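FYI, it's all coordinate maths here, none of it is from the lab. Keep in mind the model is a prediction, meaning the values are calculated, not measured. Backbone-built Cβ (ideal geometry, glycine too); neighbour counts: all protein chains shown.
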Amino acid sequence: MKILIAVLTSIIFSSCSNHKPYEQETTRNSHLTVSKKNQTYVFTCSDDFHFIVNIEGKTAWLFLPDQTVQLTQITTDSKSLYKGNSFLLKIHEQVAELQSAKRHYQNCRNNAAKAVWEHAKLNGIDFRAIGNEPGWSLDITKAGNIWFISNYGQSHYQFKTPEPMIYRQAHITKYTVHNEAHKLEVILKSKSCSDDMSGEIFETTVTVIFDDHRYRGCGMTLH
């Protein structure tokens with residue numbers, strides 16, 4: 001499971017062929033992508049301990065630095081409680097409490113910006129990019145689809161992922177695809193990129209040409 005992005009000669013990254021359906025809603029300004037089928041959190045606790053939670057239905061997957069644990073929901077009120085394998089997880093809105101046989105972490109807060117990227121990764125997205133003014137996002141899977149969301153989440157477009165063109169000397173990978181209504185060109189260049197709103201540094205500079213509109217932003221490989 002691999003997808004190529006030109007970095008020096010090229011970057012090889014993996015694709016999950018059995019990824020979950022990636023249904024999206026994007027909130028204005030923050031490019032937050034939230035699946036209707038599952039929810040992802042990245043919690044950071046007061047002692048800088050952090051963990052990831054992915055919830056689908058009554059099942060919560062707890063991703064710890066040294067293990068992955070499956071939990072089952074045991075309450076349905078506003079303070080959702082999940083239990084399994086000596087772990088107890090309580091989530092209320094954007095705050096969590098995690099208890100195990102050895103430790104008890106309280107007041108763990110969700111980092112919504114990081115959760116977006118972890119959510120995309122867990123849902124099988126191989127490469128993701130974002131840009132600003134107007135806000136847009138791009139998700140790519142090999143042997144799957146390209147999703148382009150523009151106008152702060154108001155416009156959604158989906159294309160079948162084509163074979164990329166690799167320009168090794170220029171360190172560029174290009175995707176060109178069209179349907180009956182629109183044409184999309186994605187240019188990924190192996191060049192450091194700083195998000196002009198958050199200041200976060202990414203590994204890839206991204207240009208998206210959608211019909212006659214050009215968008216610039218930053219992205220990175222997720223697998």
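Computed quantities for the displayed model
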{"read-out": "Label zone at Lys183 (point 7 Å along Cα-to-Cβ), backbone N below 16 Å, the range 195-223", "value": "208-215"}
{"read-out": "Cα-centre dipole for the range 146-223 with unit charges at Cβ (Lys and Arg positive, Asp and Glu negative), debye to 20", "value": "260"}
{"read-out": "Cα-centred dipole magnitude for the range 81-223, charges only on beta-carbon of K, R (+1) and D, E (-1), debye, nearest 20", "value": "600"}
{"read-out": "Euclidean distance of C-alpha centroids, the range 44-96 and the range 154-205, integer Å", "value": "34"}
{"read-out": "Label-to-label distance, nm, for residues given as Ile166 and His92 (7 Å Cα→Cβ offset)", "value": "5.3"}
{"read-out": "Extended-chain gain in nm, criterion 0.36 nm per residue less alpha-carbon gap, Lys83 and Ala113", "value": "8.2 nm"}
{"read-out": "Of the GluC sites (Glu not before Pro) in the range 142-223, those whose Cβ has at most 14 other Cβ within 10 Å and which sit in DSSP loop", "value": "Glu180, Glu200"}
